[in-house]
1. Pairs of Cα atoms under 8 Å, at least six residues apart: use those to get the relative contact order of the chain, whole percent.
2. Compute the distance in nm between two label points, each set 7 Å from the Cα along the Cα-to-Cβ direction, one at R144 and one at D50.
3. In whole Å, what are the Cα extents of region 172-296 along the three principal axes, biggest one first?
4. So, by mean Cβ neighbours within 10 angstrom, what's the order for 151-164, 214-227 with the highest one leading?
5. So, in Å, what gap is there between the alpha-carbon centers of region 278-336 and region 2-60?
6. Beta carbons within 10 angstrom, averaged per residue: use that to sort the peptides 286-292, 205-211, highest first.
7. Under 1.5 on a/c is rounded, so check that first for the chain, then, if it is not, pick prolate when a/b is larger than b/c and oblate when it is not; a ≥ b ≥ c are the square roots of the alpha carbon gyration tensor eigenvalues.
8. Rounded to the nearest 0.05, what FRET efficiency is calculated for D22 and H57 with R0 set to 22 Å and r the Cβ-Cβ distance?
Amino acid sequence: MHLADRHDLAGDYRARPYRGADDHPAMTQVLAAYREHIGDDELPTVEQLDASYAHLHDCDPATDIVVVEHGDDVVAYGRTSRSGGDDGGDLYCVVFAPIHPDHLSRELFDELVAAQEAHMRVWNDGFAGHAAYRAFAGHPGPGRAATGEAAWLEAGGYEATEWGAALRRSHLDDIPDLPLPDGVEVRTVAPGDVRRIWEAHWEAFRGEWDFEEATPEAIDAQLAEPYVDPTLWKVAWAGDDIVGQVKSYINPVENDTRGCLRGYTEYISTHHDWRNRGIAGALLARSLRELRDRGMTEAALGVDTNNPGGAYQLYTKLGFELQAYEAVYAKDVGST
């Protein structure tokens, strides 16, 4: 059964199947407006959606994506996906339903979430382990009462389990010069090392709440991102071992559209055995200087605020300021 057939929308709203890349310009506009609504002004681009949807490995575009229209306009979309569930681990059925703020209402939001839950419930058939729905929503922050979509999720039985934050450094002045530990050096990224660098990044997060085993398909998806630029990366080596990395990128479409000069210091990781030795901070400082040398005037990143390595505290110490929180929500599949 197609996800679109599980909707019973009121008024002039209608759900239809996803039509492939032809839908990406309208979907990008919805996602951009929704992100701005929750306080995260990172601008998604059509090129990013093209690359991401060309490498989907966790859902079937033929059945698991829906587009919602009002009149002639695309005003929302939904994508169901699954993560985990391998080797007896938890299975997460992921709810994703961005709605354009001009059409955001509890009635429409609840209908999109309910349809996605119903669509994914059958994925639990025959699965012996724990299965839960996972959803994301902008939130005022830990310790504060939920509002908007976060409050609606909580009313539907979801509980916040993790927190993410969007951070921005509004200038690239006063960047500290932080040393690397003895025996660690930054090397220019060789083309033959790119996949290995991504594999090391993936492995650095083993044991954390959202870890999944790296697959060739998942790494291919990362490599296909349109703004990948290894000349911006800062990768630390100890002998033949990759011990830390910051893989910055610049989104020229965002900068042209917003009239800014922003770079992203993202995909930051440190090898388990090398944490708490100053590697991440030293690489991040080098990355900020690299962005400045490329003509950028500000930087941004996203972070898991519960990161066991104290990433949030490190980034704010280096001049990044909080822009918005996002809560990660979960609900047992059996509770619906």
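No value in this document is a laboratory result; all are computed from the given coordinates. It should be emphasised that the depicted structure is a prediction, and the values quoted were computed from it without experimental measurement. Because the Cβ atoms are built from the backbone with ideal geometry, glycine has one as well, and the counts that use them run over all protein chains shown.
1. Relative contact order of the chain: 22 percent.
2. In this crude label model, R144 to D50 measures out at 3.8 nm.
3. Each principal axis gives a Cα extent; for region 172-296 these are 40, 36, 30 Å.
4. Put in order of decreasing packing, that is 151-164, 214-227.
5. Spelled out, the Cα-based centre of one part sits 25 Å from the other.
6. In descending order of packing, they fall as 286-292, 205-211.
7. prolate
8. It comes to 0.50.
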